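Structure first, commentary second.
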Amino acid sequence: MTADWRPGADRATLQRRAACLATIRAFLAERGVLEVQPPCLGPAAMEPALESLAVPGAAADGGPLYLQTSPESAMKRLLAAGSGDIYYLGPAWRAGERGRWHAVELTLLEWYRVGLDHHRLMDEVAALVAAVCGERPVERLRYAEAFRAHAGVDPLEADDAEIAAALRAAGIDLQGAAPGRDAALDLLLSHTVGPALGRGTITLLHGFPASQAALARLDDADPRTARRFECFVDGLEIANGYHELTDPAAQRARFEAEQAERRRAGQPVHALDEALLAALEAGLPDCAGVALGVDRLVAVAVGAESLAAVRV
Amino acid sequence: MATYSTQEFKAGLKIMLDGDPYTIVENEFVKPGKGQGFSRVKLRNLKNNRVVEKTFKSGESVEGADVMEKDLQYIYNDGEFWYFMDPTSFEQKAAPESAVAEAAKWIKEQDLCNVILWEDEPLQVEAPDFVDLQVVETDPGVRGDTSSGGSKPAKLETGASVRVPLFIEEGEVLRIDTRKGEYVGRANK
């Protein structure tokens with residue numbers, strides 16, 4: 001048998017991909033956002049839903065360092081050190097993520113805007129997506145509205161029985177133990193709600209439940225929700241962003257909660273990212289940041305049906 | 001029996017679910033950016049061929065199904081069971097009618113059939129893609145009308161009925177495509 005040596009993307013796709021990358025860089029340069037290249041090796045990701053790949057012997061003490069799942073930690077340290085608006089365009093790695101729209105190695109665009117909140121950054125994400133994929137109507141949709149419309153359930157108010165009924169109505173039959181509340185919402189988002197979003201539009205989904213705040217600050221106007229958003233195009237989740245949490249005590253509490261969750265689930269528990277916590281102590285400027293899946297964006301732009309088709 | 005994690009899921013993998021053997025038809029990894037990962041799987045029940053859709057939490061494991069495929073020779077049926085023989089070991093297997101299903105229309109003694117065995121028992125019998133069968137009953141051929149593309153029914157020695165061209169006569173041996181249930185041509189002598 002001959003080894004499968006042919007790259008996924010053909011020459012025409014490579015040219016269009018290169019044009020997309022040039023458009024992204026021009027878009028950000030026009031807005032005065034500085035390209036930075038933080039190290040790809042650093043501390044392991046804390047969040048339980050992400051697993052980092054270890055590089056043995058990479059640390060000064062001979063221990064492992066981890067391939068970044070995103071450049072967030074390093075970029076926030078740059079922001080705290082006074083870098084101003086910055087972006088990263090390059091690889092990130094997520095262990096075990098393999099599929100049509102997932103890859104262990106992916107291309108990420110992550111950028112931070114000082115003094116902007118998540119709403120202003122959503123405008124910028126929509127403008128960038130339009131610059132790469134072509135103009136489409138932009139739609140802003142609250143997480144709760146999207147769930148009411150596409151899963152028939154209010155994710156902020158429904159009790160567990162109502163959420164379980166919504167799963168059944170959507171034909172989602174999860175094997176094994178019953179899902180917790182956030183896992184049930186993730187099931188609805190990934191199976192039913194998400195695929196319905198961004199059909200002919202650029203859809204900005206915002207107002208995520210506070211329990212899924214990740215690194216976003218909570219919304220004072222509705223404390224049931226966090227200042228987090230995602231962007232959907234053609235049913236695909238393209239980007240995830242926050243009005244960033246800057247309070248070091250709250251950040252430490254979230255890291256510790258994630259460690260506890262990892263311990264409970266029997267996952268590897270990593271040391272706290274003390275460098276990031278120290279940077280937050282020193283003062284992270286008020287900012288909004290977003291990570292965007294470049295391979296998916298290119299796939300939408302060229303009409304490809306998988307990540308493999310737009311990657312080398 | 002081996003267990004498989006969702007990481008190993010792929011089309012064709014045979015697993016157990018609620019006590020029945022299934023084959024994976026399609027597997028898609030889905031995961032919201034900041035949430036849990038899941039495997040969204042289409043599976044075909046190997047006992048009744050029904051396709052179901054199930055979701056597994058990423059990283060969970062399931063038991064593999066003890067399923068294998070073998071070419072066995074059909075020997076006879078007694079009305080209740082259909083008997084097959086392994087041509088190398090001469091071991092015999094009895095398949096219930098539910099396992100033979102559609103294949104019953106096409107197979108005759110000594111045909112080599114692909115049989116799916118679950119825990120060593122026949123679960124599904126597939127007829128060979130092409131079989132040669134004799135016509136036992138059909139209307140007399142209509143001469144001079146062979147170009148019109150007309151057809152007529154013909155009953156074959158296994159009891160199955162197929163559409164054949166008008167020139168085919170009783171006693172002829174025909175080649176049949178069992179996947180389509182269609183006449184292909186006269187069998188090579």
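Place a label point 7 angstrom from the Cα of A:ARG181 along the Cα-to-Cβ direction, then list the residues of the range A:239-269 whose backbone nitrogen is under 18 Å away.
Inside the label zone: A:254, A:257-258, A:261.
Which order do the peptides B:15-21, A:73-79 come out in when sorted by mean C-beta neighbours inside 10 angstrom, highest first? Intermediate values should be presented prior to the final figure.
Values: B:15-21: 15.6, A:73-79: 21.6.
With the highest mean Cβ count within 10 Å placed first, the list reads A:73-79, B:15-21.
Excluding A:THR201 itself, calculate the net charge of residues whose Cβ lies under 13 Å from the Cβ of A:THR201, where each Lys or Arg counts +1 and each Asp or Glu counts -1.
Numbers: positive: A:ARG136, A:ARG140, A:ARG199; negative: A:GLU135, A:GLU139, A:ASP234.
Once positives and negatives cancel, what remains is 0.
Obtain the nm distance between the two label points defined at B:ARG163 and A:ALA278 by a simple spin-label model: each point lies 7 Å from its Cα along the Cα-to-C-beta direction.
Between B:ARG163 and A:ALA278, the label points sit 8.1 nm apart.
Could you pull out the GluC sites (Glu not before Pro) across the range B:1-87 that fall in loop regions by DSSP (anything but H, G, I, E, B) with no more than 12 other Cβ atoms inside 10 Å?
Details: sites: B:GLU8, B:GLU26, B:GLU28, B:GLU53, B:GLU60, B:GLU63, B:GLU69, B:GLU80; in loops: B:GLU60, B:GLU80.
Answer in residue order: B:GLU80.
Can you tally the net charge around B:TRP118? Count Lys and Arg as +1, Asp and Glu as -1, for every other residue whose Cβ sits under 15 Å from the Cβ of B:TRP118.
Details: positive: B:LYS14, B:ARG44, B:LYS47, B:LYS70, B:LYS93; negative: B:ASP18, B:ASP20, B:GLU63, B:ASP66, B:GLU69, B:GLU119, B:ASP120, B:GLU121, B:GLU126.
Overall, the nearby charge balance is -4.
From zero outward in steps of 10 Å, how is the percent of C-alpha pairs of the range A:216-312 spread across the bins?
Percent of pairs per bin, in order: 14, 29, 31, 23, 3.
When the Cα centres of the range B:93-123 and the range A:218-285 are compared, how far apart do they sit, in Å?
58 Å
Estimate the FRET efficiency between A:ALA260 and A:ALA196 by the formula 1/(1 + (r/R0)^6), using the beta-carbon distance for r and 35 Å for R0, to the nearest 0.05. Walk me through the numbers on the way to the answer.
Details: r = 34 Å, r/R0 = 0.98.
My answer for the efficiency is 0.55.
Can you list which of the GluC sites (Glu not before Pro) found in the range A:235-310 are DSSP loop residues with at most 13 other C-beta atoms within 10 Å? Each step should come with its number before you reach the end.
On the way: sites: A:GLU237, A:GLU244, A:GLU256, A:GLU258, A:GLU261, A:GLU274, A:GLU281, A:GLU305; in loops: A:GLU305.
Of the GluC sites (Glu not before Pro), the ones in loops of the range A:235-310 whose Cβ has at most 13 other Cβ atoms within 10 Å are A:GLU305.
To the nearest 0.05, how large is the calculated FRET efficiency for A:VAL55 and B:GLU26 if R₀ is 25 Å and r is the Cβ-Cβ distance?
Details: r = 34 Å, r/R0 = 1.37.
Efficiency, from the Cβ-Cβ distance: 0.15.
Along the range A:43-49, what does the Karplus equation 6.51 cos²θ - 1.76 cosθ + 1.60 (θ = phi - 60°) give for ³J(HN,Hα), rounded to whole Hz, x for Gly and Pro?
x, 6, 5, 8, 5, x, 7
Beta carbons within 10 angstrom, averaged per residue: use that to sort the peptides B:165-172, A:294-301, highest first. Present the calculation step by step, with values, prior to reporting the outcome.
Working: B:165-172: 15.6, A:294-301: 24.0.
The most tightly packed comes first, giving A:294-301, B:165-172.
Counting only other chains, and only Cβ atoms inside 10 Å, what mean value do you get across the residues of A:179-185? Don't jump to the answer; show the numbers that get you there.
On the way: counts 4, 1, 0, 3, 4, 1, 3.
Counting Cβ atoms of other protein chains within 10 Å of each residue's Cβ and averaging gives 2.
Taking all protein chains together and a probe of 1.4 Å, list A:VAL125, B:VAL51, A:VAL132 from the most accessible to the least accessible. Before the final figure, lay out each step's value.
Numbers: A:VAL125 0, B:VAL51 90, A:VAL132 25 Å².
Largest accessible area first, the residues go B:VAL51, A:VAL132, A:VAL125.
Below 15 angstrom from the Cβ of A:LEU277, what's the summed charge of the other residues (Lys, Arg +1; Asp, Glu -1)? Mind showing how you got there, number by number?
On the way: positive: A:LYS76, A:ARG77, A:ARG252, A:ARG254; negative: A:GLU72, A:GLU244, A:ASP247, A:GLU256, A:GLU258, A:ASP273, A:GLU274, A:GLU281.
After counting each charged neighbour, the total is -4.
If you roll a 1.4 Å probe over chain B with all protein chains in place, what percent of the accessible area is carbon or sulfur?
Numbers: 4490 of 10050 Å².
Roughly 45 percent of what the probe reaches on chain B is carbon or sulfur.
Lysine pairs in the range B:48-188 with alpha-carbon atoms under 22 Å apart, 8 or more places apart or on different chains: how many are there?
Lysine pairs meeting the criterion: 12.
Let me know the mean shielding of A:143-149 by other chains, meaning the per-residue number of their Cβ atoms within 10 Å of its Cβ. Working shown, then result.
Working: counts 0, 0, 0, 0, 0, 0, 0.
Mean shielding count: 0.
Computed over the Cα atoms of the range B:10-57, what is the convex hull's projected area averaged over all directions, in nm²?
On the way: hull surface 12.9 nm².
So the mean shadow area of the Cα hull is 3.2 nm².
Excluding ligands, DNA and RNA, what is the solvent-accessible area per residue of the protein assembly as shown at a probe of 1.4 Å, expressed in Å²?
On the way: 23500 Å² over 501 residues.
Counting only protein heavy atoms, the per-residue value for the protein assembly as shown is 47 Å².
Averaging over every viewing direction, what projected area does the convex hull of the Cα atoms of the range A:94-170 cover, in nm²? Can you show the working numbers first?
Numbers: hull surface 33.1 nm².
If I average the Cα hull's projected area over directions, I get 8.3 nm².
Which value in nm describes the separation of the simple spin-label points at A:ARG100 and A:ASP173, placed 7 Å from the Cα toward the beta carbon?
2.1 nm
Could you run the numbers on buried accessible area between B and A, total for both chains, 1.4 angstrom probe, in Å² to the nearest 100?
Numbers: alone 11140 and 14500 Å², together 23500 Å².
It comes to approximately 2100 Å² buried between B and A.
Note down the relative contact order for the range A:20-77 as a percent, whole number, built from C-alpha pairs under 8 angstrom at least six residues apart.
Values: 56 pairs, mean separation 17.2, N = 58.
Over the range A:20-77, the number comes to 30 percent.
Quantify how strongly other chains surround peptide B:21-34 by giving the mean number of their Cβ atoms within 10 Å of each of its Cβ atoms. Walk me through the numbers before you get to the answer.
Details: counts 0, 0, 0, 0, 0, 0, 2, 6, 8, 12, 12, 14, 16, 17.
Mean partner shielding for this stretch: 6.
Hydropathy at least -1.0 by Kyte-Doolittle, axial extent at least 24 angstrom from the Cα trace: which helices of chain A, defined as entire DSSP H runs, fit?
Span-like helices, by this rule, are A:11-30.
What is the distance, in nm, between label points placed 7 Å from the Cα along the Cα-to-Cβ direction at B:LEU112 and at A:HIS119?
7.4 nm
In Å, the Kirkwood hydrodynamic radius of the range B:1-143 over pairs of distinct alpha carbons? Could you put the intermediate results ahead of the total?
On the way: mean 1/r = 0.0573 Å⁻¹.
It works out to 17.4 Å.
Using a Gaussian network model of chain A whose springs link C-alpha atoms within less than 10 Å, name the residue from A:VAL55, A:VAL302, A:VAL33 with the highest mean-square fluctuation.
Fluctuation is largest for A:VAL55.
Compute the relative contact order of chain B as a whole-number percentage, counting only Cα pairs closer than 8 Å that sit 6 or more residues apart in sequence. Numbers along the way, then the final one.
Numbers: 414 pairs, mean separation 26.1, N = 189.
Taking the mean separation of contacting Cα pairs over the length of chain B, I get 14 percent.
Please report Rg over Rh for chain A, where both radii come from the alpha carbon positions and Rh follows the Kirkwood definition. Provide the component values of the computation, followed by the final result.
Details: Rg = 19.5 Å, Rh = 20.5 Å.
Ratio value, two decimals: 0.95.
In debye, nearest 20: dipole of the protein assembly as shown around its Cα centre with unit charges on the Cβ of K, R (+) and D, E (-)? Could you put the intermediate results ahead of the total?
Details: 55 positive and 77 negative charges, 294 e Å.
Computed charge dipole of the protein assembly as shown: roughly 1420 debye.
With N residues in the range A:9-165, what two-decimal value do you get for its Cα radius of gyration over 2.2 N^0.38 Å?
Numbers: Rg = 19.1 Å, N = 157, 2.2 N^0.38 = 15.0 Å.
Against the empirical 2.2 N^0.38 Å value, I get 1.27 for the range A:9-165.
Let me make sure I get this right: for the range A:170-267, a, b and c are the square roots of the gyration tensor eigenvalues over alpha carbons, sorted descending. Under 1.5 in a/c it's rounded, otherwise prolate if a/b > b/c, else oblate. Which is it?
Working: a/c = 2.28, a/b = 1.16, b/c = 1.96.
Oblate is the answer for the range A:170-267, as a/c is 1.5 or above yet b/c matches or exceeds a/b.
Cross-link candidates for B:LYS34: which aspartates and glutamates have Cα within less than 16 Å, leaving aside residues fewer than 8 places away along the same chain?
Counting by Cα, and skipping residues close in sequence, B:LYS34 has these aspartates and glutamates nearby: A:GLU47, A:GLU51, A:GLU72, A:GLU97, A:GLU110, A:ASP182, A:ASP186, A:GLU230, A:GLU237, A:GLU244, A:GLU258, A:GLU261.
Which percent of the accessible area of the range A:186-240 is formed by carbon and sulfur heavy atoms (probe 1.4 angstrom)?
On the way: 760 of 1470 Å².
Carbon and sulfur atoms account for 51 percent of the accessible area of the range A:186-240.
Return, for the Cα atoms of the range A:36-91, the radius of gyration and Dmax in Å, separated by a comma.
According to the Cα coordinates of the range A:36-91, Rg and Dmax are 12.2, 34 Å.
Quote the FRET efficiency, to the nearest 0.05, computed for B:VAL136 versus B:ASP71 with a Förster distance R0 of 30 Å and r equal to the Cβ-Cβ distance. All intermediate terms of the calculation are to be shown ahead of the outcome.
Working: r = 28 Å, r/R0 = 0.92.
For R0 = 30 Å, the calculated efficiency reads 0.65.
Sequence gap at least 6, Cα distance under 8 Å: using those rules, report the relative contact order of chain A to the nearest whole percent. Let's see the in-between values first.
Working: 552 pairs, mean separation 71.1, N = 312.
Over chain A, the number comes to 23 percent.
State to the nearest 20 debye the size of the charge dipole of the range A:269-312 about its Cα centre, where the only charges are +1 on K and R beta carbons and -1 on D and E beta carbons. Walk me through the numbers before you get to the answer.
Numbers: 2 positive and 6 negative charges, 64 e Å.
The calculated dipole for the range A:269-312 is roughly 300 debye.
If you consider only alpha-carbon coordinates, what radius of gyration and Dmax does the range A:213-262 have, in Å?
Spelled out, the Cα radius of gyration and Dmax of the range A:213-262 are 12.9, 39 Å.
The values are calculated or read from the model by the stated rules, or taken from the named source; none is laboratory data. Just so it is clear, the structure is predicted and the values come from calculations on it, not from any experiment. In this analysis, Cβ positions are derived from the backbone assuming ideal geometry, glycine residues included, and neighbour counts consider all displayed protein chains. Keep in mind that these areas ignore ligands, DNA and RNA; they rest on the heavy atoms of the full protein, side chains included. Shrake-Rupley method; radii C 1.70, N 1.55, O 1.52, S 1.80 Å.
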